[in-house]
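Working notes, structure below.
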Amino acid sequence: MNSSLIILVIASCFAVVAAAPQPKQEHPEDPVPTVNVTTCGGLVDATSATIEFQLGGSIRADMRCVWIVRAPYFTKRFNLVSSGLKESDGLYFTPQSKDGLGTSQKLGSNWNTDLTGYAVLATTKGNLTYPINGGNYRSFENALFPIAPTVPGQPTLRFTRVDLEVHSSCLYDSIKTYNWFNGEYRQVSMICGNIIPPSVTLQDGLGFVLFVSDINNERTGFEFAYE
């Protein structure tokens, strides 16, 4: 089962991060990383990879990049090869499971979850409907939607439609919303049924929407917009 991790870089120079499998796992170590990522954010789905963003160059002030990392291993190893990060910049690792986003990351911890959907929302404004192709969502969904505009701003996130399984404590199907604050993602709401949560302003320009479902009572999903 693939495991998921979120890498967030808040930087004004450059960073190189190499991710490789732990020894003695189900698959052998790759002699060299199989994927080289140079974009600001995205999905990294490989047995090993190197993230080289703006290597030797510069990143605009207040720029945010979010990478979702998946690999067929229960644990991962990350090596910071080179960095031009300043004291005011940051490189953050956040574990993700069906229970939500972790507030800290310990290398070697186990995360056993499989992504069923994702989209990195990097424009200054936008919207998303899930399921993307309409119809009902599936059982055992685990979908991630980081909101990380490449142009600095404070977008407001608002849900326009919610149709999930109903439960008083949202134990079955749920949407969790997170706001980036003081170096970590903080949960601001958890909803289910047909509840439209209050709008939230992303003061630091970063947010996250996590959707999970259980085994039955699939509904038509949700829609949200940010600007």
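Quick notes on this structure:
- Residues of the stretch 192-208 satisfying the condition of being in contact with a Ser or Thr (Cβ under 6 Å, 6 or more places away or on another chain) and surrounded by 15 or more Cβ atoms within 10 Å (Cβ to Cβ): CYS192, PRO197
- Of all residues making up the stretch 157-185, the number that are surrounded by 14 or more Cβ atoms within 10 Å (Cβ to Cβ) and in contact (Cβ under 8 Å) with a residue 40 or more places away in the chain: 15
- The criterion of at least 3 residues that are modelled with pLDDT under 70, out of contact with any Asp or Glu (no Cβ under 6 Å at 6 or more places or on another chain) and more than 26 Å from GLU141 (Cβ to Cβ) is met, among strands (runs of 3 or more DSSP E) falling completely within the stretch 1-68, by 15-21.
- TYR137, sole failed condition from (1) closer than 20 Å to TYR185 by Cα; (2) surrounded by 17 or more Cβ atoms within 10 Å (Cβ to Cβ); (3) at pLDDT 90 or above: (1)
- When SER189 is tested against (1) surrounded by 15 or more Cβ atoms within 10 Å (Cβ to Cβ); (2) over 30 Å from ASP62 (Cα atoms); (3) among the polar types (S, T, N, Q), only condition (2) is not met.
- Scanning the stretch 162-212 for residues that are part of a loop (DSSP other than H, G, I, E, B) and of a type in the set (Val, Ile, Thr) turns up VAL166, ILE195, ILE196.
- Residue within the stretch 104-113 that is part of a loop (DSSP other than H, G, I, E, B), among the hydrophobic types (A, V, I, L, M, F, W, C) and at pLDDT 90 or above present: no
- Candidates in the stretch 132-147 are the residues that are closer than 20 Å to PRO197 by Cβ and in a loop (DSSP other than H, G, I, E, B); of these, the one that is farthest from the chain's Cα centre (by Cα) is TYR137.
- Just one residue in the set ASN179, ASN194, ASN216 is under 18 Å from the mean Cα position of the chain (by Cα) and assigned by TED's automatic domain parsing to the domain that holds THR129; that residue is ASN179.
The values are calculated or read from the model by the stated rules, or taken from the named source; none is laboratory data. Keep in mind it's a predicted model, so treat the numbers as computed, not measured. All Cβ positions, glycine included, derive from the backbone under ideal geometry; neighbour counts span all protein chains shown.
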